[in-house]
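Just below is one structure, and these are the notes that go with it.
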């Protein structure tokens, strides 16, 4: 029996959820290795010298290691062409690539402001991190006690860097979702009749915040929820 595909990930990383969405849309079995975000000792041996020490990292059954979420998804497309998420139509492919880049460059940058934006959210994020990461007892307690403070400060810095006030995270996220819904329009998926790279990226990013209040807020949008459920059905197929 060959080794499985292995995803080295961190639970609150939207880029890791993006890769998981791609794996599941293609119907691929994989195992997860939760990487301690502090020591990162779980990352696989054999990483290329130019690879940053961050997740996601994917190790294929043949031993090939790929890092960077976009490069991972392109590698999946090349190795497993069934259930493709590259549209045949050139215009749809261009739109899919545009959406995927926007998720990486903009939407994923806004998400920490609604994961760590309030003290309650930051405490929740610290609890999720402590529960899912490979911390020892002392580190686990340290994250639970002090992680919320660090995470809340991260959110404030992101908002300030983007010229936004300390309470503007939700408005920012909702405005970006407006943009996504404009791209989607009345289509089934960004890719047309099947999920594309853009659909996979956005679905992964939203799934990253599924344990937080903003997810329920966003799911009150009928069009977004219907699209989310359609992609989810493809992931579960």
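Sorted fewest first by neighbouring Cβ atoms within 10 angstrom, 103, 25 come out as 25, 103. Between residue 162 and residue 47, the modelled labels are 2.6 nm apart [label points 7 Å from Cα along Cα→Cβ].
Given their separation in residues at 0.36 nm each and the Cα-Cα distance between them, residue 175 and residue 221 gain 15.3 nm when the chain is fully extended. Only Cα pairs under 8 Å and 6+ residues apart enter the sum, and on that basis the relative contact order of segment 5-79 stands at 38 percent.
Measuring nothing but alpha carbons in segment 5-79 and taking Rh as the Kirkwood radius, the Rg to Rh ratio lands at 0.92.
Read the figures in this text as sums done on the coordinates, not as results from a lab. Predicted model, so just to flag it, every value in this text is computed and none were measured. Heads up, the Cβs are rebuilt from the backbone with ideal geometry, glycines too, and the neighbour counts pull from every protein chain shown.
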